[in-house]
Amino acid sequence: MFVRFLPLYLLPLLLCVAPSLRAEESNFTFQSYRHGMLRMTLVSPSIQGDVLLRRDGKLETLEGAALENLFTLRVPVPCAWLAQEQTLYWAVSGKMLMSAKIPPQQCAPPPPPEPQVRIFSRQDRCMIDTGGVTLWRVASELAKRNKATVYQNIYALFLTNKTAFADEDISRLRSRELLCPHPALVEQIAPDHAKRLFDEAVKFRSGG
């Protein structure tokens, strides 16, 4: 989001601008905040103005503000900026500066980072730490490296690590650490054959 910074010392000057609108004819109040979008009730002599938010000792001009209907102003604001009570301003050139209190907003914690597939060496053996992700995800990471298909890598992983699968069922990976399949093994597996085996395993598991 692009913002412009205004020194905080300009705020008293803006507040002292001679008002041309009576207080009872204006209204600037909080409506709601959802999914990063702040909505305000706005009754103003002009729809041409700036939305200002005080942060870190400065006034920031928020970009992206727009009238949603006749008396609703919407503006995108990061939730972290509204975690504490804030004051929002509506500034119209030559008119009174309007302000409104924004109550503290409850921000959802950021989602945890996705587990990463890690390939490492142990006693001169290539190992894979799956991070607890699916076999498909592991095979996808290998495919980026060896340029084989995901299906080839799935089948090669299975052949190399049969004991890592419950009852040697390709759909029931239970071990977090796997041996890397040998490149020659991956090359020997025909892509079409690997895909057919995968599709058959999925069909069998679904009872089809």
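Some notes on this structure:
- Straight Cα distances below 16 angstrom link Lys203 to the aspartates and glutamates Asp169, with same-chain residues fewer than 8 positions distant left out.
- Computing Kirkwood radius over Cα pairs in Å for the structure here picks out one of (i) 17.5; (ii) 20.5; (iii) 22.2, namely (iii).
- Only DSSP H runs of four or more residues enter the estimate; each adds -39500 (n - 2.57), and after division by the residues of the chain the mean residue ellipticity at 222 nm equals -7000 deg cm²/dmol.
- Cα-based helix-to-principal-axis angle, 191-205 vs the chain, degrees rounded to 10: 80 degrees
- About the Cα centre, charge dipole magnitude for the stretch 102-202 (Lys/Arg +1, Asp/Glu -1 at Cβ), debye: 240 debye
- Working note: Debye formula, equal point scatterers on the alpha-carbon atoms of the stretch 118-201, no solvent; log10 I(q)/I(0) at q = 0.10, 0.13, 0.15, 0.18 Å⁻¹ is -0.20, -0.35, -0.47, -0.69.
- Dipole size of the chain about its Cα centre, with +1 on Lys/Arg Cβ and -1 on Asp/Glu Cβ: approximately 140 debye, rounded to the nearest 20.
- Highest to lowest packing among 90-97, 165-172, 135-142, scored as the average C-beta count within 10 Å: 135-142, 90-97, 165-172
- Taking θ as phi - 60° and the Karplus parameters 6.51, -1.76 and 1.60, the scalar couplings of the stretch 96-102 work out to 5, 8, 9, 9, 8, 7, 10 Hz in sequence order, x denoting glycine and proline.
- Close amide H partners of Thr87, meaning residues 5 or more places away or on another chain with modelled amide H under 5 Å apart, are Arg54, Ile102.
- Listed residue (Ile170, Ala184, His35) projecting farthest to the positive dipole end of the chain, Cβ model: Ala184
- Helix axis angle, 135-146 relative to the chain longest principal axis, alpha carbon, degrees: 80 degrees
Values in this text are rule-based calculations from the coordinates and carry no lab data. Bear in mind that the values here come from a model prediction, so they are computed numbers and not experimental data. When we count neighbours, we look across all protein chains shown, and the Cβ atoms used for this are built from the backbone with ideal geometry, even at glycine.
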